[in-house]
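Scroll down for the structure; my scribbles are underneath it.
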Amino acid sequence: MATRRGIPIILSSPSGAGKSTLSKLLMKWDPTISFSVSATTRAPRVGEEDGREYYFRTRDEFQQMVAGNEMLEHAEVFGNFYGSPLGPVEDALQAGRDVIFDIDWQGGQQIRGSALAADLVTIFILPPSIAELEKRLRARGQDSDEVIADRMTKSAGEISHWAEYDYCIINHDISDSEAQLKAILTAERLRRTRQSGLVDFVRDLNVQFGERAK
């Protein structure tokens, strides 16, 4: 039996600020942390497996999941639907495993309105400067100038939602940001309300006091 319920952790940032790298570092630090695998209506790419990269669903299947309240959040992107299925996340949380959501502010807003709202820890990753953000996007070597320009345009809108989050990390240095992220999670795990066996433990301490007084 789990000693505590797992924590759903939302990590958001503009593209290139470091949330995906920090997610991977956090899961390497603690392999019991799960990553929320999204469902999508797009076709699998070569080498992708259902349930690993994504849960691949037809449009009808996806829409049935939405209608049945089986999605924590969802959106249509470039003609395909993407979303976070509730079932696998709830199973992990019940087993005491923390779950990371690597999602944007819109997905974060939807999850804040879901059944997970009371448990959520939300963290926004900020770049140290706009110039550095663009430098990091170019250093990845994955996108054309046009795509980078589009990502930079969208970044202003994404950053405007920073105040909706519980914590903000300015990612000057990935090692420092990793340490801050670990500190946040460690503190959140120790919250009194998250420790499911604490009431019984304190009750037993009081029993021990009573036995000493006899």
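Here, each number is a calculation from the coordinates, and none is a lab measurement. Keep in mind it's a predicted model, so treat the numbers as computed, not measured. Glycine gets a Cβ as well: all are built from the backbone with ideal geometry, and neighbour counts include every protein chain shown.
Could you tell me the ratio Rg/Rh of the chain? Both radii from Cα atoms, Rh via Kirkwood.
Details: Rg = 20.0 Å, Rh = 19.1 Å.
Computed over Cα atoms, the ratio is 1.05.
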Specify the residue with the greatest mean-square fluctuation among Q106, Q142, Q195, computed from a Gaussian network of the chain linking alpha-carbon atoms under 10 Å apart. Q142
Between A131 and R191, how high is the FRET efficiency from 1/(1 + (r/R0)^6) when r is the Cβ-Cβ distance and R₀ = 45 Å? Nearest 0.05. 0.75
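How large is the dipole of the chain about the Cα centre if only Lys and Arg carry +1 and Asp and Glu carry -1, each at its Cβ, rounded to the nearest 20 debye?
Numbers: 26 positive and 32 negative charges, 160 e Å.
Computed charge dipole of the chain: roughly 760 debye.
When only DSSP loop residues count, what trypsin sites (Lys or Arg not before Pro) in the stretch 31-85 have their Cβ near at most 10 other Cβ atoms within 10 Å?
Details: sites: R42, R45, R52, R57, R59; in loops: R42, R45, R52, R57.
When the trypsin sites (Lys or Arg not before Pro) of the stretch 31-85 are filtered for loop state and at most 10 Cβ neighbours within 10 Å, R45, R52 remain.
Stretch D30-I170 to full length: gain in nm at 0.36 nm per residue minus the Cα-Cα span?
Numbers: separation 140, 0.36 × 140 = 50.40 nm, distance 2.22 nm.
Gain on stretching D30 to I170: 48.2 nm.
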With θ taken as phi - 60° and the coefficients 6.51, -1.76 and 1.60, list the Karplus ³J(HN,Hα) couplings across the stretch 106-115 in order, rounded to whole Hz; mark glycine and proline as x. 5, x, x, 5, 5, 5, 5, x, 9, 5
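Mind running the shape call on the stretch 84-139? Use the C-alpha gyration tensor, a ≥ b ≥ c as the square roots of the eigenvalues: rounded below 1.5 for a/c, prolate if a/b tops b/c, oblate otherwise.
On the way: a/c = 2.92, a/b = 2.36, b/c = 1.24.
Because a/c hits 1.5 or more and a/b exceeds b/c, the stretch 84-139 counts as prolate.
Would you please give the FRET efficiency between E76 and D200, computed as 1/(1 + (r/R0)^6) with r the Cβ-Cβ distance and R0 = 35 Å, to the nearest 0.05?
Working: r = 47 Å, r/R0 = 1.34.
Calculated value: 0.15.
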